[in-house]
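Notes for the one structure printed next.
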Amino acid sequence: GGDDDGDFDAGTRTVFVHDRHQNAASGERFADNKSRTGKYTLLTFLPKAIFEQFRRLANLYFLFISALQQIPNVSPTGNFTTAVPLAGVVALSIVKEAYKNWQRHRQDREVNNRLVHVLVARADAAPGGTFERVRFAEP
């Protein structure tokens, strides 16, 4: 709690209800309204996608077996008998995940650029406010 003497703490901020222009002028940073459903960015895609692939027990098992096959005189099969198929399966899965993530980013852009009606209350407007058309992602 705190006392109710009207003084503001250094950590407080003021939000102007139904006045996004005043909020923008205040210099405060507010969360935007953008929709983000993509799992990856360009920077994080490869590390996260490889991590996701080897979280699967089957892929981890075949990675271990292919590592054992690289040791001379341990495996009666060739060095790459397991590694090549594993690399192919992991690569195809990563390509599929990249395509799905690209689709999510494309759908996010479509939703964020959609025009919507927003109720805005202003002193010079009709009682109850008026509707303005803005992009969905605008604050």
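Return the pairs, sorted by first residue and then second, in which the second residue is among the aromatic types (Phe, Trp, Tyr) and assigned to a helix (DSSP H, G or I), the first residue lies in segment 56-81 and is under 23 Å from Leu92 (Cα atoms), the beta carbons are less than 8 Å apart, and the residues are 6+ apart or on different chains. Here the result reads Leu60/Phe54; Leu63/Phe54, each pair linking segment 56-81 to a residue that is among the aromatic types (Phe, Trp, Tyr) and assigned to a helix (DSSP H, G or I). Just give me the residues in segment 63-88 being open to solvent by less than 80 Å² (accessible area, probe 1.4 Å) and either under 30 Å from Lys39 (Cβ atoms) or aromatic (Phe, Trp, Tyr) (or both), in sequence order. Selection gives Leu63, Ile65, Ser66, Ala67, Thr82, Ala83, Pro85, Leu86, Ala87, Gly88.
Each row is one residue, and each column tells you yes or no for (1) more than 29 Å from Glu110 (Cα to Cα); (2) within 21 Å of the chain's Cα centre (by Cα).
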residue	(1), (2)
Asn23	no, no
Ala49	no, yes
Arg55	yes, yes
Asn59	yes, no
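When Leu42 is tested against (1) open to solvent by 100 Å² or more (accessible area, probe 1.4 Å); (2) in contact with a Phe, Trp or Tyr (Cβ under 9 Å, 6 or more places away or on another chain), just one condition goes unmet, and that condition is (2).
Within this structure, Val111 fails the test of being under 30 Å from Arg55 (Cα atoms) and at pLDDT 85 or above.
The values are calculated or read from the model by the stated rules, or taken from the named source; none is laboratory data. What you are looking at is a predicted structure, and each value in this text was computed from that prediction instead of being measured. With ideal geometry, Cβ positions are generated from the backbone for all residues, glycine too; neighbour counts draw on all protein chains shown. Surface areas here come from the heavy atoms of the whole protein model, side chains and all, with no ligands, DNA or RNA. Shrake-Rupley method; radii C 1.70, N 1.55, O 1.52, S 1.80 Å.
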